[in-house]
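A.B. asks: Dropping a structure here in structure tokens format, bear with me for questions.
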Amino acid sequence: MQIIDGKKIAAEIKEEIASEVKKMIDADERPPHLAAILVGNDPASETYVTSKGKACKQVGFDSSTYRFESDITEEELLETVSFLNNDPDIDGFIVQLPLPDHIDEDKVIQAIKPEKDVDGFHPVNVGRMTIGLPAYISATPNGIMELLKRTGIETEGKNCVVLGRSNIVGRPMSILMSRTTQPGNATVTVCHSRTRNLPQITAQADILIVAIGKPEFVTADMVKEGAVVIDVGIHRVESSETKSGFRLIGDVKYDEVAPKTSYITPVPGGVGPMTIVSLLMNTFKAHKQEIYS
Ligand code: GUN
């Protein structure tokens with residue numbers, strides 16, 4: 001069994017980006033600029049946005065955050081989106097989700113110019129990704145593809161089972177793995193809450209991608225000997241064994257599943273560190289106008 005070290009791979013990619021940014025700055029070009037819109041005081045969202053800012057700084061990107069109280073109107077938020085769409089100094093931006101209930105998330109996402117939608121949430125980017133055109137791909141699936149690529153995992157002709165069908169992870173993941181790219185060319189099955197005989201299906205998987213959002217849902221009996229297991233879940237649970245009183249666990253029961261696998265991502269330190277790096281990669285592409293050239 002080999003552990004896929006997402007932390008190490010993410011650090012390597014950051015170094016690659018930082019060295020390219022340095023060349024740009026040496027050539028008197030402005031660095032890439034990522035902006036984030038943050039509404040309200042949700043602690044998880046605050047953490048995400050702070051981490052994004054730090055990651056930008058590490059690689060030499062500019063970053064800015066547009067903060068609003070949770071009583072901002074939809075109209076005001078849409079005005080900010082429009083402002084960022086038209087600001088030539090900003091290469092890409094994200095609207096941190098979730099938004100307060102009185103704001104229509106789909107409407108806001110659809111107001112983002114696809115060329116600046118570095119989260120890859122706009123239907124134009126999702127559609128382009130689906131048919132294999134250049135597109136911004138959302139951070140977690142993009143990060144997983146990068147992990148598979150950089151670990152040299154063969155996916156062609158393999159049975160890939162994706163657990164979960166969310167717009168942000170499961171659905172795009174299933175599409176990417178079935179595309180004719182490398183990684184890709186896999187035979188993909190998407191499982192979800194209504195799937196029958198789930199353990200029999202997951203046990204057929206050469207590559208099992210788990211994004212079901214349930215702590216330690218996948219147990220050893222559900223996994224084939226020698227499978228590659230990618231765990232997208234992250235849950236904070238109480239623990240008497242750590243100083244903080246908490247520990248992080250994934251959607252996979254790691255201790256019993258890991259010995260059966262050929263490769264597995266740990267939690268933390270697997271998929272997680274790759275998501276912010278994906279956003280940096282997308283922002284860099286936006287700066288270079290690679291996708292919509
Ligand atoms: N909330 C949780 N994850 C994400 C993400 O990747 N992008 C945005 N915009 N909001 C999120």
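The values are calculated or read from the model by the stated rules, or taken from the named source; none is laboratory data. Because the structure is predicted, anything quoted here is derived from the model rather than measured. Cβ atoms come from the backbone with ideal geometry, glycine included; neighbour counts cover every protein chain shown. SASA here: full protein model, heavy atoms, side chains in, ligands and nucleic acids out. Shrake-Rupley method; radii C 1.70, N 1.55, O 1.52, S 1.80 Å.
A.B. asks: For segment 203-210, check the following and say yes or no: at least one residue is more than 23 Å from the chain's Cα centre (by Cα) and part of a loop (DSSP other than H, G, I, E, B).
C.D. replies: yes
A.B. asks: Looking at segment 1-49 only, could you name the residues that are touching a residue at least 12 places away in the same chain (Cβ under 8 Å), more than 18 Å from the chain's Cα centre (by Cα) and either closer than 28 Å to Thr151 by Cβ or open to solvent by 90 Å² or more (accessible area, probe 1.4 Å) (or both)?
C.D. replies: Once the filter is applied, which keeps residues that are touching a residue at least 12 places away in the same chain (Cβ under 8 Å), more than 18 Å from the chain's Cα centre (by Cα) and either closer than 28 Å to Thr151 by Cβ or open to solvent by 90 Å² or more (accessible area, probe 1.4 Å) (or both), segment 1-49 yields Met1, Gln2, Ile3, Ala18, Glu20, Val21, Lys22, Pro32, Asn41.
A.B. asks: Do we have Pro259 as touching a residue at least 12 places away in the same chain (Cβ under 8 Å), open to solvent by 20 Å² or more (accessible area, probe 1.4 Å) and not in a loop (DSSP other than H, G, I, E, B) here?
C.D. replies: yes
A.B. asks: So Val59 clears everything in (1) more than 15 Å from the ligand (Cβ to nearest atom); (2) touching a Pro at 6+ places or on another chain (Cβ under 7 Å); (3) touching a residue at least 60 places away in the same chain (Cβ under 8 Å) except one condition, right? Which one?
C.D. replies: The failed condition is (2).
A.B. asks: Restricting attention to segment 214-246, which residues are among the hydroxyl-bearing types (Ser, Thr, Tyr) and either touching a Gly at 6+ places or on another chain (Cβ under 8 Å) or buried (at least 16 other Cβ atoms within 10 Å of the Cβ) (or both)?
C.D. replies: Passing the criteria: only Ser239.
A.B. asks: Out of curiosity, is Ser278 open to solvent by less than 10 Å² (accessible area, probe 1.4 Å), among the hydroxyl-bearing types (Ser, Thr, Tyr) and either free of Cβ contacts under 8 Å to residues at least 24 places away in the same chain or within 16 Å of the ligand (Cβ to nearest atom) (or both)?
C.D. replies: Taking the combined requirement at face value, the residue satisfies it.
A.B. asks: When segment 83-109 is examined, which residues are found to be part of a helix (DSSP H, G or I) and either open to solvent by less than 30 Å² (accessible area, probe 1.4 Å) or more than 15 Å from the ligand (Cβ to nearest atom) (or both)?
C.D. replies: Once the filter is applied, which keeps residues that are part of a helix (DSSP H, G or I) and either open to solvent by less than 30 Å² (accessible area, probe 1.4 Å) or more than 15 Å from the ligand (Cβ to nearest atom) (or both), segment 83-109 yields Phe83, Leu84, Asn85, Asn86, Val108, Ile109.
A.B. asks: Next question. Could you list, in sequence order, the residues of segment 110-143 that are in a helix (DSSP H, G or I), buried (at least 21 other Cβ atoms within 10 Å of the Cβ) and of a type in the set (Gly, Ala, Ser)?
C.D. replies: Once the filter is applied, which keeps residues that are in a helix (DSSP H, G or I), buried (at least 21 other Cβ atoms within 10 Å of the Cβ) and of a type in the set (Gly, Ala, Ser), segment 110-143 yields Ala139, Gly143.
A.B. asks: Then there's this: Taking Ala211 and the conditions (1) closer than 19 Å to Asn159 by Cβ; (2) open to solvent by 40 Å² or more (accessible area, probe 1.4 Å), which numbered condition does it fall short on, given that it satisfies the others?
C.D. replies: It is condition (2) that Ala211 fails.
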